[in-house]
Amino acid sequence: MTRYEHSRDASASSPFLTAFLRTDRVWDESAKKEWADDVERRLRDVKARIDPRPQILGYSVQRFYNCVAILTVSPNEQSEEEMVALARGQWPCWDEIVKAVPEFIHSKVGFDACRSFEWWRKWDVEVEMSRLRLEDGMVG
């Protein structure tokens, strides 16, 4: 079995990870940035194709170093049912999003109560690499 083989299956075959593992490159800062760039590009592409209305107005994508986040763009008022669905991770068009960006399968849902009052899901290269190491029983 090759390194990360189990993780590749669990990550629903991230296009970048699948291609990267076929090379002899090392996981350096350049590779991590390249993966985050790829995730951001695919997320922006799928965001441009989907229409999550009427549940929410849309999504925005933010990038901070090697973290990529998708945030809701919500109307000023939401029903209790809509808020509960978002809190549970039942986001409009989510199946299409994770099909294009399978890295987001393991993302957690959060709520920004301080600045934007929007829901978010974040993917981080370092967290993903730690998760892959744990799944494969690797240390370090």
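The residues on offer are 128, 103, and the sole one that is under 17 Å from residue 62 (Cα atoms) and among the charged types (D, E, K, R) is 103. Inside the range 85-102, residues that are more than 12 Å from residue 120 (Cβ to Cβ), in a loop (DSSP other than H, G, I, E, B) and not aliphatic (A, V, I, L, M) make up a count of 4.
Results for (1) of a type in the set (Phe, Trp, Tyr); (2) touching a strand residue (DSSP E or B) at 6+ places or on another chain (Cβ under 7 Å); (3) surrounded by 12 or more Cβ atoms within 10 Å (Cβ to Cβ); (4) free of Cβ contacts under 8 Å to residues at least 24 places away in the same chain, shown as yes or no for each residue.
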position: 86; (1), (2), (3), (4): no, yes, yes, no
position: 91; (1), (2), (3), (4): yes, no, yes, no
position: 100; (1), (2), (3), (4): no, no, yes, no
position: 109; (1), (2), (3), (4): no, yes, yes, yes
position: 131; (1), (2), (3), (4): no, no, yes, no
position: 134; (1), (2), (3), (4): no, no, no, yes
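When residue 120 is tested against the conditions (1) in a loop (DSSP other than H, G, I, E, B); (2) in contact with a Ser or Thr (Cβ under 9 Å, 6 or more places away or on another chain), the lone failure is (1).
Can residue 23 be described as out of contact with any helix residue (DSSP H, G or I) (no Cβ under 7 Å at 6 or more places or on another chain), modelled with pLDDT of 85 or more and loosely packed, with under 15 Cβ neighbours inside 10 Å? The answer is yes for residue 23. State which residue pairs qualify: first residue under 16 Å from residue 132 (Cα atoms) and inside the range 23-35, second residue aromatic (Phe, Trp, Tyr) and surrounded by 11 or more Cβ atoms within 10 Å (Cβ to Cβ) in any location, beta carbons under 7 Å apart, and separation of 6 or more residues or different chains. As it stands, the answer is 31/20; 35/16, since those pairs meet every condition given. For the range 54-84, filtered to residues that are touching a residue at least 24 places away in the same chain (Cβ under 8 Å) and not in a strand (DSSP E or B), the residue that is surrounded by the fewest Cβ atoms within 10 Å (Cβ to Cβ) is 65.
The values are calculated or read from the model by the stated rules, or taken from the named source; none is laboratory data. Since the structure is predicted, the reported quantities are computational estimates derived from the model, not experimental observations. Cβ: placed from backbone, ideal geometry, glycine included. Neighbour counts: every protein chain shown.
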